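Next up is a structure, given as structure tokens.
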Amino acid sequence: LSSQLDTALLVALLFGAGVYLVLSRRFLCVLIGFVLLSNAANLIILSSSGDPSVGMPPVIREGVAGAVDPLPQALVLTAIVIGFGVLAYITLLFYRMYADRGVVTASQALDTGVSDDPSAALVCRPVPRSGGKEGRHA
Amino acid sequence: MFGLIIAIFLPFVAAFLIPLLRGKWEERAGWFALPVPFASLALIWHTVGAHEGYNLEAPSVVRVAWMTEFGLDLSFRIDGLSIFFASVVAGVGALIVLYGLGYFGGHGKRMGRFFAYLCLFMGAMLGTVLSNNLLLLFIFWELTGLASFLLIGFQHDEKAESSRGARMALVTTAAGGIALLAGVVLLRHIYGSFELDEILRATTAPGSEGLLLGAFLLCMLGCFSKSAIFPFHYWLPNAMAAPTPVSAYLHSATMVKLGVFLVARLVPVFSELEAWMPVLTVFGFGTMLLGTGFAVFSHDLKGVLAYSTVAQLGLLIGFYGMHSIGEGGLGRLEWDYIHILNHSLYKAGLFMVVGIIDHSTGTRDLRKLGGLFRLMPLTGIAAFLGLASMAGLPFTSGFLSKELLLKSALYFTESGTGALFFWPIVALVLASVLKVVFSIGIFHRAFLGRPTHAVEEHWHAPSVWVQLPPLFLGLSALALGIASGTFSQINAFFAVPKQHVADFATLSVIGMLTHISAPLLFSIGIVIAGAVIYVVCTRIGWERFGISKPLLFENYFNSGIDGLPYAGKKLTYLIGAGKPSWYIPITLIVLVSFMALLLLRVDREFFAALSLSMDPLPAARAGWMRWVLVAVAFVAVGTLLRTSTILGQLLALSIVGIVVAVYFVLYHAPDLALTQILVESASLLLIVLIVFRLRRGGVSIEGGKGPWQWRAVVGVLAGVVAGFMVILFQSGPDAKIGAYFVKHTNELAWGANAVNTVLVDFRGFDTLLEIVVLLIATLGGLGLLMRRRADQSATGLHQRRRAEDLFPVPNNFVLRSAGMVLFIVLNVLSVYFFFRGHNNPGGGFIAGLVCGLSLLLVGFIRGVDRSRALVPMNGVVLAAIGVGIAILSGLLGPLAGLPWMYQFHTYLGPIYVGTPLLFDLGVFLTVVGVVLKLVFPLMKSVHGLPAFVAEEEHRYSSIEDEPIDISHGNRPSGSRHKEGGFH
């Protein structure tokens, strides 16, 4: 077993922050959180190839020994690109929701009326404010 | 032997060809369908007659290997039972097509489809009855259900009950079909084969009696649902919403008999079971009583016939129940074909008669009909013959059938003790009386007397063509009733060895009538009783009778079906629907707690060993670097979470991205580092774009995140679990699959870069699927961009806001020139990465990203349209072509007789070429297409090009209706609401 304490710490940091942001109601925060999450996930997979302090890049030439495991790298490579594809899709989704309904947070998306949390209401002034608050809780 | 297989598949071929007819040919589709049943019938008999070894005395099997490893072969059985049923199917089928031609009169809608469905059904029926393989039988069985669904619902656009009936039939029989499948699989488990002949040869292993009983019950569920036996009897009367040719074919002569057929088929398998006799007789004869009772109280002619069919099916099932080989049974089968054939003859004919009545008078209500005999004597005769047969009057086939049944039931009383042995005869007598009642009822109420007002009002005479088939069937019932010797010969001819009795007595109707016997006395009593009851009920008035609501099971079925969506909605609501923002937290919390539970299960000693082996102080310089990077990441993430300006957040995000890229370098993964930097840039661009877009719309994007405490708790937990995963998931040095790739990458894949060879060669199929995922994401993006608002008209184009270009295309010559130069350099680099990839860090993914980014660059500097002009194609098309090329490169292997995705390599001089390059080209194109399709629309929107803004607003925007307030809402945090939930 090898020491990857630093990687573990980094993953914990990115993953935790990613989850925290993804849970946010603001679509932009969700996007940023998603980027952090995919970074963390890629690092987890890559770390399974073992301690990075020994080994060589998996480009195999004469006289070079001790290449690291190429499989996690191949997996992560496609994962990075797919992560980008998904990010782009989510971005378009948010763009579309904004263009359709003028919403930029989950609360607004749920309720085109007034959000029950004033601080989350991003100043879109979509629908008359009358009765929104009570309606949501009813 | 192929004759038989052609006979089965010919209707299928016809079913595919007939819908191709157009115009006036389509109106005459029936004439094209007409030869099919005749040809099938001829082929079947040709097979039986012409070939030595295929005769009915010794059952034989025609087998063509299909999916042998799954135990599924195209194997068909030639014995009396299968040939008898196949002949009924094809023979009645021919009559039905003929009748259908007259019924629709060549002016019906969608005739091509109708006759195609009919052929499909016929083929499925032939397949079912001829199958030797039980799994094959199940497949055809379900096909009949599907075809009947299409046929019952044929007039779904005209009649609401049509689609309801079709759905009811499909759901009920398909549910039974699932039980049948389970039973068949159990049988294979017991006997090791799906093939019927092998099952019959095999001996039951000791200890498998319980399983056999289970298989029996499951198979019977299938049979009961198909043959509308209680408690599934409700679907058949509702399926009568079908056009009459369909009712006559499916619901009297063929499909509903499938359950009976399968029971007969499985007699040798199950009839030794103790449960055989009680299950079949109780449900069978019980259904018979129920059906006749309902038939008496129905006023709809088709309803009467449907319920009497239910009764007859119950009777047949009960009949097989009496003939168990085990203790207390009647032993081998006798005369079952008479009962089936008799019913097919008179019931199909009667259905046709009802169709004619419906067509000519516009009603099927017995309370409104009357005096039809004068108006259409031919139909009247056909109806009389059919009804006489149903009532069991002498000199009809029905009489023979009833006499023989009474005889069997009387024998049955002597074969054992207990109430169960008297049940058949009691039920039979009661049901026969009721049958007499409603047979008289139909004839008296519909045909005799003077034509009623309702009839005369709507009357138009039926054509002769349509009256001939029922007349033919009625006359056959009469002919077979008189020439009873022929009838018994038919039965003897189709007898299956070891299932039927060895020798059949010759029946003589004269002998039966002149010789006083118990059955004859019963018969006389039945007719008299029926007539008396009819007279009494007529005195009371038929209008007073009706089936009481709680007995109509279809009501329960319908409310069940209608309740399903309601229950689904309730459940969804219960789980937390309407609040999608709950889903991610719930998913995460479940995941995190699950992982945490797993962590708790890890051995304590493992952790002890781990903490010993861990050396927090790194030895090498690279190790120190990593710690420094972690520190940088901490600062960056801290900034990301603390800062309230979007620019600061993006800056912090990019720092994190670079930290990860450097981490990849330190992990000896140069390919990953390259990809990461490129993707990180593209992602940031994307986020910047959406930020700009929101700015253009005037939305504030800063501040206001809502309650954070619970999110922080979930985040910390998730982070801790993820960190532990890193420590726990690393494998030892020996356990690496990758070692194989490292060892063989040069000799097998001709490439030094093991990461690239894994991607394009060793695990090329994975990569193929991954670029398919990319394509799917692109298609999803396309869908998002294409969807139009339903209420487009609401957005008036004339109100269009002036486009404000927040991010104008720079008008700086130097910048533009530099941009183009950079574009060229980047693309050269892209080509370089592409070809270098096989032996050095690089490859299709990286090259594609570089190319895509270069296009984005041009988009920023010279405008999206100029950039788009550089690529002659839509991004989706490009991505699809990429996936296509990747698939093609994999197909070269099979062409040369090698496995799929086998890669070829060679050197052209010093330059390496090979199919992996082709594959990589596919990857390249896909990546470029994805970047183009997913990023450009957003970029265009940000640029605020007037044309696009117009398009955007026309397509999806409702912003005009809801103008956005530009006042910034970075409110003081003190005003936050307290709230507990995950809103």
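The values are calculated or read from the model by the stated rules, or taken from the named source; none is laboratory data. Being a predicted model, the structure only gives us computed values, none of them experimental. Cβ atoms come from the backbone with ideal geometry, glycine included; neighbour counts cover every protein chain shown. The protein model used for the area step is the full one, side chains on, heavy atoms only, and it has no ligands, DNA or RNA in it. Shrake-Rupley method; radii C 1.70, N 1.55, O 1.52, S 1.80 Å.
Do any helices (runs of 4 or more DSSP H) lying entirely in segment B:265-368 carry at least 2 residues that are among the β-branched types (Val, Ile, Thr) and touching a helix residue (DSSP H, G or I) at 6+ places or on another chain (Cβ under 6 Å), and which ones are they?
B:276-297, B:301-322, B:336-361
Out of A:76, A:59, A:81, I need the residue that is among the hydrophobic types (A, V, I, L, M, F, W, C) and more than 19 Å from the chain's Cα centre (by Cα). Which one?
A:59
Which ones in segment B:644-696 are more than 30 Å from residue B:756 (Cα to Cα), within 46 Å of the chain's Cα centre (by Cα) and facing chain A (nearest Cβ under 10 Å)?
B:689, B:690, B:691, B:693, B:694
A quick yes/no check of all residues on (1) over 30 Å from residue B:720 (Cα atoms); (2) within 14 Å of chain A (Cβ to nearest Cβ); (3) within 35 Å of the chain's Cα centre (by Cα):
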{"site": "B:526", "(1), (2), (3)": "yes, no, no"}
{"site": "B:539", "(1), (2), (3)": "yes, no, no"}
{"site": "B:558", "(1), (2), (3)": "yes, no, yes"}
{"site": "B:562", "(1), (2), (3)": "yes, no, yes"}
{"site": "B:567", "(1), (2), (3)": "yes, no, yes"}
{"site": "B:570", "(1), (2), (3)": "yes, no, yes"}
{"site": "B:582", "(1), (2), (3)": "no, yes, yes"}
{"site": "B:587", "(1), (2), (3)": "no, yes, yes"}
{"site": "B:593", "(1), (2), (3)": "no, yes, no"}
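Within segment A:30-50, identify whether any single residue is over 24 Å from residue A:78 (Cβ atoms), facing chain B (nearest Cβ under 7 Å), without any contact (Cβ under 8 Å) to a residue 12 or more places away in the chain and open to solvent by less than 30 Å² (accessible area, probe 1.4 Å), and answer yes or no.
Within segment A:30-50, not a single residue is over 24 Å from residue A:78 (Cβ atoms), facing chain B (nearest Cβ under 7 Å), without any contact (Cβ under 8 Å) to a residue 12 or more places away in the chain and open to solvent by less than 30 Å² (accessible area, probe 1.4 Å).
Mind checking which residues of segment A:15-29 are facing another protein chain (nearest Cβ under 7 Å), in a helix (DSSP H, G or I) and without any contact (Cβ under 8 Å) to a residue 60 or more places away in the chain?
A:15, A:16, A:17, A:19, A:20, A:22, A:29
Something else: Could you please find all residues in segment A:51-67 being surrounded by fewer than 24 Cβ atoms within 10 Å (Cβ to Cβ) and either within 13 Å of residue B:755 (Cα to Cα) or facing another protein chain (nearest Cβ under 7 Å) (or both)?
Listed by number, the residues that qualify are A:53, A:55, A:56, A:57, A:59, A:60, A:61, A:67.
Now a separate question. Quick check, is residue B:264 open to solvent by less than 10 Å² (accessible area, probe 1.4 Å) and within 22 Å of residue B:349 (Cβ to Cβ)?
The answer is no for residue B:264.
Whether any residue in segment B:524-540 is under 28 Å from residue B:264 (Cα atoms) and surrounded by 13 or more Cβ atoms within 10 Å (Cβ to Cβ) is what I want to check.
So far as segment B:524-540 goes, no, none of its residues is under 28 Å from residue B:264 (Cα atoms) and surrounded by 13 or more Cβ atoms within 10 Å (Cβ to Cβ).
Hey, another quick one. Based on this model, can you work out whether residue B:490 counts as closer than 24 Å to residue B:392 by Cα, more than 14 Å from every other protein chain (Cβ to nearest Cβ), over 48 Å from the mean Cα position of the chain (by Cα) and not in a loop (DSSP other than H, G, I, E, B)?
Taking the combined requirement at face value, the residue does not satisfy it.
What residue, among those in segment A:85-106 that are touching an Asp or Glu at 6+ places or on another chain (Cβ under 9 Å) and in a helix (DSSP H, G or I), is farthest from the other protein chains (Cβ to nearest Cβ)?
Out of the qualifying residues, it is A:101.
Moving on to the next point. Considering only segment B:385-414, how many residues are without any contact (Cβ under 8 Å) to a residue 24 or more places away in the chain and out of contact with any helix residue (DSSP H, G or I) (no Cβ under 7 Å at 6 or more places or on another chain)?
Here the count works out to 1.
Further question: Which is among the polar types (S, T, N, Q) and at pLDDT below 85, of B:463, B:432?
After applying the criteria, what remains is B:463.
Hey, another quick one. Can you tell me which of (1) in contact with a helix residue (DSSP H, G or I) (Cβ under 7 Å, 6 or more places away or on another chain); (2) open to solvent by 10 Å² or more (accessible area, probe 1.4 Å) is the one residue B:382 doesn't meet?
Here residue B:382 clears every test but (2).
When the residues of segment A:1-14 are filtered to those that are among the hydroxyl-bearing types (Ser, Thr, Tyr) and not in a helix (DSSP H, G or I), which remaining residue is farthest from the other protein chains (Cβ to nearest Cβ)?
A:2
Additional query: Give the residues of segment B:389-447 that are surrounded by fewer than 18 Cβ atoms within 10 Å (Cβ to Cβ) and among the acidic types (Asp, Glu), sorted by residue number.
The one that is surrounded by fewer than 18 Cβ atoms within 10 Å (Cβ to Cβ) and among the acidic types (Asp, Glu): B:414.
Can you confirm whether residue B:521 is open to solvent by 80 Å² or more (accessible area, probe 1.4 Å), under 25 Å from residue B:413 (Cβ atoms) and not hydroxyl-bearing (Ser, Thr, Tyr)?
yes
Same structure again: Across segment B:154-205, which residue is nearest to residue B:114 (Cα to Cα) among those that are part of a helix (DSSP H, G or I) and touching a strand residue (DSSP E or B) at 6+ places or on another chain (Cβ under 8 Å)?
Here the answer is B:196.
Ok, one more. For segment B:737-786, which positions are open to solvent by 10 Å² or more (accessible area, probe 1.4 Å), at the interface with chain A (Cβ under 8 Å from one of its Cβ atoms), assigned to a helix (DSSP H, G or I) and of a type in the set (Val, Ile, Thr)?
B:742, B:773, listed by residue number.
Can you name every residue in segment B:539-565 that is without any contact (Cβ under 8 Å) to a residue 60 or more places away in the chain and aliphatic (A, V, I, L, M)?
Matches in segment B:539-565: B:540, B:564.
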